[in-house]
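Peer 1: Let me begin by handing over the structure; questions about it come next.
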Amino acid sequence: YLLDKSDKYDSRDVERLQQDDKWVENYLIWRHDVVDDTLKMIDESFQWRKEYAVNDLSESVLPKWLFENGALFLHGYDKEGYKLFWFRVKHHTKDPKQQLEKKKLVAFWLEHYAKRDHGKPLTVVFDMAETGISHIDLDFVRFIVNCFTNYYPNFLTKIVIFEMPWIMNAAFKIVKGWLGPGAISMLKFTNKSDVQEYINGEYLPPHMGGTDSFKYSYPPLVDDDFQTPLCENGPITSEDEHESKEEIEADTKETAELNEEQNLNQKKMNSVEQISKSEETDKTEIKPKNAKKALSTFKGPLLHISPAEELYFGSKETGEKKCLIVLTNVTKNIVAFKVRTTAPEKYRVKPSNSSCEPGTSLDIIVSLHGGFAASLQDRFLIMAAEMDQSSGAGVPELTQFWKEVPRTKVMEHRLRCHVVESSKPSSLMLKENAFNIPAKTNEDLHIQLTHLLQINKRLQEQIDRCLWFQQLSVVLSLLSVTVVAFCFYLAYSQSS
């Protein structure tokens with residue numbers, strides 16, 4: 001494909017494909033590990049990406065009225081923690097002259113989210129309240145469906161359709177045909193009484209029976225609705241006021257011990273990385289049984305951040321309420337950072353607005369207030385930007401710095417929350433949490449479930465074929481018996 005069609009691909013996509021194993025794996029999963037089908041999908045996807053200039057889509061190249069219209073946007077999460085991609089059908093009108101620009105808006109949102117959240121799947125919501133014939137646009141719906149089935153592999157969890165008018169029943173029978181048998185199960189037809197089976201009321205607007213007061217407007221670009229930074233020690237509640245000096249000193253001591261342990265483990269890791277795989281295999285037997293694995297790390301241009309994707313909290317039963325974020329400054333300048341969250345009333349962050357010296361690491365402790373529990377919908381945003389060496393690092397200087405720094409120079413990284421149900425202390429303690437990789441993440445489970453569904457589908461196809469052959473055999477047998485009986489009847493009639 002590369003030799004024959006290199007001019008039809010964006011070189012950035014080809015380079016990413018050669019480096020991003022996760023991307024390749026998603027294509028394979030979506031095409032049931034059939035390599036030929038996967039190659040065809042990548043070929044079709046890459047040609048589409050270049051045709052729509054997906055890598056270059058931005059707010060500046062799309063008409064402003066598209067964003068102001070409010071027909072398409074990302075906001076909120078479903079019960080499984082997947083981002084919601086809203087299509088407010090009543091704001092859409094069919095117009096062939098505007099169709100290409102509207103399709104590019106869909107591509108913009110999907111690419112914007114895929115790059116920002118590392119390809120974590122989406123849930124599509126077709127809000128069809130107050131819609132009629134004038135809003136029916138099967139070509140546009142087909143494009144949205146094609147984006148998930150042909151261009152963005154393994155990117156769709158489900159399609160929630162809210163209050164579909166009866167007049168569109170026939171139209172959505174056609175949509176089912178586009179999705180194919182494997183994806184039809186992703187369609188969820190809902191109304192006000194059952195939509196909360198998939199989405200909590202906190203992320204549903206009032207007309208859908210929810211309590212979300214969110215009102216779409218542009219600008220700015222709709223994001224995760226991160227709240228303002230927490231204060232230096234996090235919000236204080238009456239329960240937290242009872243925290244004693246001894247507890248604070250214990251936290252400090254624990255963090256210091258944790259830093260020493262982390263440094264020791266880091267040195268061990270660096271020495272192990274220099275050993276070849278064969279030697280590494282031999283030496284695993286010599287390592288102590290309690291040796292800890294390094295947590296996955298996001299390597300940004302300014303900061304390396306551990307963990308890379310998720311903060312692990314315990315459930316109400318397990319009770320663990322603390323997590324550690326480790327920031328490492330990889331620049332030659334001071335890096336200012338601040339932490340935002342979608343649920344500031346729940347969490348206490350120490351520190352939440354500070355700076356990190358060149359080449360050093362800094363620990364951020366995130367703790368839950370008493371009475372609160374972590375949720376899959378909770379998110380954290382870490383923002384970082386380089387400061388001049390001459391700038392001060394006090395609170396007034398940082399406040400002024402964040403007011404003046406251009407958005408283009410700000411590095412952003414998002415972390416999700418994960419609730420650990422297991423009561424194993426090794427996976428819940430703060431110290432262990434700093435070094436252990438959890439056995440299974442939501443994405444791992446999602447991939448395993450996808451594999452199981454694929455195997456189930458293949459078994460079902462085999463059973464269907466067996467039943468078909470069985471029915472055919474029965475019909476042929478009956479036909480043979482009938483022919484033989486008829487022959488005997490003819491022979492008997494002639495002899496008579």
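The values are calculated or read from the model by the stated rules, or taken from the named source; none is laboratory data. The model shown is predicted, which means the values in this text are computed figures rather than measured ones. Note: ideal-geometry Cβ built from the backbone for every residue, glycine included; neighbour counts use all protein chains shown. The protein model used for the area step is the full one, side chains on, heavy atoms only, and it has no ligands, DNA or RNA in it. Shrake-Rupley method; radii C 1.70, N 1.55, O 1.52, S 1.80 Å.
Peer 1: Answer yes or no: is there a residue in the stretch 391-403 that is closer than 27 Å to Tyr113 by Cα and surrounded by fewer than 19 Cβ atoms within 10 Å (Cβ to Cβ).
Peer 2: Yes: one or more hits.
Peer 1: Sticking with this one: Out of the residues in the stretch 1-23 that are among the acidic types (Asp, Glu) and not in a helix (DSSP H, G or I), which is least open to solvent (accessible area, probe 1.4 Å)?
Peer 2: The first filter runs over the stretch 1-23 and keeps only residues among the acidic types (Asp, Glu), leaving 4, 7, 10, 13, 15, 20-21.
In the following step, the residues that additionally are not in a helix (DSSP H, G or I) were identified as 10, 20.
Values: Asp10: 26, Asp20: 47 Å².
The extreme case among them is Asp10.
Peer 1: Still on this structure, please answer the following. (1) within 20 Å of Lys409 (Cβ to Cβ); (2) touching a helix residue (DSSP H, G or I) at 6+ places or on another chain (Cβ under 7 Å); (3) open to solvent by less than 20 Å² (accessible area, probe 1.4 Å): which one isn't true of Leu324, the others all being true?
Peer 2: Result: Leu324 passes all but (1).
Peer 1: If I go through the stretch 24-49 residue by residue, how many of them are surrounded by fewer than 17 Cβ atoms within 10 Å (Cβ to Cβ) and aromatic (Phe, Trp, Tyr)?
Peer 2: So the answer is 1.
Peer 1: Another question about this same structure. Take the residues in the stretch 192-213 that are open to solvent by less than 40 Å² (accessible area, probe 1.4 Å) and among the small types (Gly, Ala, Ser); name whichever of them is farthest from the chain's Cα centre (by Cα).
Peer 2: The qualifying residue farthest from the chain's Cα centre (by Cα) is Gly209.
Peer 1: May I ask you to verify whether Ser185 is over 30 Å from His413 (Cβ atoms), at pLDDT 65 or above, assigned to a loop (DSSP other than H, G, I, E, B) and open to solvent by 50 Å² or more (accessible area, probe 1.4 Å)? If you could, list the steps in order and put the result at the bottom.
Peer 2: On the way: over 30 Å from His413 (Cβ atoms): yes; at pLDDT 65 or above: yes; assigned to a loop (DSSP other than H, G, I, E, B): no; open to solvent by 50 Å² or more (accessible area, probe 1.4 Å): yes.
No, not satisfied.
Peer 1: Also: Could you please let me know if Leu84 is in contact (Cβ under 8 Å) with a residue 40 or more places away in the chain and within 27 Å of Asp139 (Cβ to Cβ)?
Peer 2: Numbers: in contact (Cβ under 8 Å) with a residue 40 or more places away in the chain: yes; within 27 Å of Asp139 (Cβ to Cβ): yes.
In short, yes.
Peer 1: On the basis of being in the same structural domain as Leu398 (by the TED database) and touching an Asp or Glu at 6+ places or on another chain (Cβ under 8 Å), does Arg340 make the cut? Break it down into steps so the answer makes sense when it comes.
Peer 2: Details: in the same structural domain as Leu398 (by the TED database): yes; touching an Asp or Glu at 6+ places or on another chain (Cβ under 8 Å): no.
Against the criterion (in the same structural domain as Leu398 (by the TED database) and touching an Asp or Glu at 6+ places or on another chain (Cβ under 8 Å)), Arg340 does not qualify.
Residue-wise test of (1) hydrophobic (A, V, I, L, M, F, W, C); (2) part of a strand (DSSP E or B); (3) in contact with a Leu (Cβ under 9 Å, 6 or more places away or on another chain).
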residue	(1), (2), (3)
Gly81	no, no, yes
Phe87	yes, yes, yes
Gln99	no, no, no
Lys103	no, no, no
Val106	yes, no, yes
Glu111	no, no, yes
Val124	yes, yes, yes
Phe140	yes, no, no
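Peer 1: Mind checking which pairs have a first residue in the stretch 444-461 that is not assigned by the TED database to the domain that holds Tyr27 and a second that is part of a helix (DSSP H, G or I) and at pLDDT 70 or above, Cβ under 6 Å, 6 or more apart or different chains?
Peer 2: These pairs meet every condition: Thr450/Ile29.
Peer 1: On the given criteria, is Lys40 over 30 Å from Lys215 (Cα atoms) and either outside any helix (DSSP H, G or I) or touching a residue at least 40 places away in the same chain (Cβ under 8 Å) (or both)? Give the derivation first.
Peer 2: Details: over 30 Å from Lys215 (Cα atoms): yes; either outside any helix (DSSP H, G or I) or touching a residue at least 40 places away in the same chain (Cβ under 8 Å) (or both): no.
Considered against the rule, which asks whether it is over 30 Å from Lys215 (Cα atoms) and either outside any helix (DSSP H, G or I) or touching a residue at least 40 places away in the same chain (Cβ under 8 Å) (or both), Lys40 comes out as no.
Peer 1: Which residue is nearest to Leu72 (Cα to Cα), if the candidates are limited to the stretch 214-227 and must be modelled with pLDDT under 70 and surrounded by fewer than 17 Cβ atoms within 10 Å (Cβ to Cβ)? Break it down stepwise before answering.
Peer 2: Quick first cut of the stretch 214-227, residues modelled with pLDDT under 70 only: 223-227.
From what is left, the residues that are surrounded by fewer than 17 Cβ atoms within 10 Å (Cβ to Cβ) are 223, 225, 227.
Working: Asp223: 12, Asp225: 16, Gln227: 22 Å.
The qualifying residue nearest to Leu72 (Cα to Cα) is Asp223.
Peer 1: Can you spot a residue in the stretch 151-158 that is open to solvent by 30 Å² or more (accessible area, probe 1.4 Å) and either more than 27 Å from Thr38 (Cα to Cα) or basic (Lys, Arg) (or both)?
Peer 2: no
Peer 1: So, one more: Report whether or not Phe73 is under 15 Å from Asn150 (Cα atoms) and either at pLDDT 90 or above or not in a helix (DSSP H, G or I) (or both).
Peer 2: no
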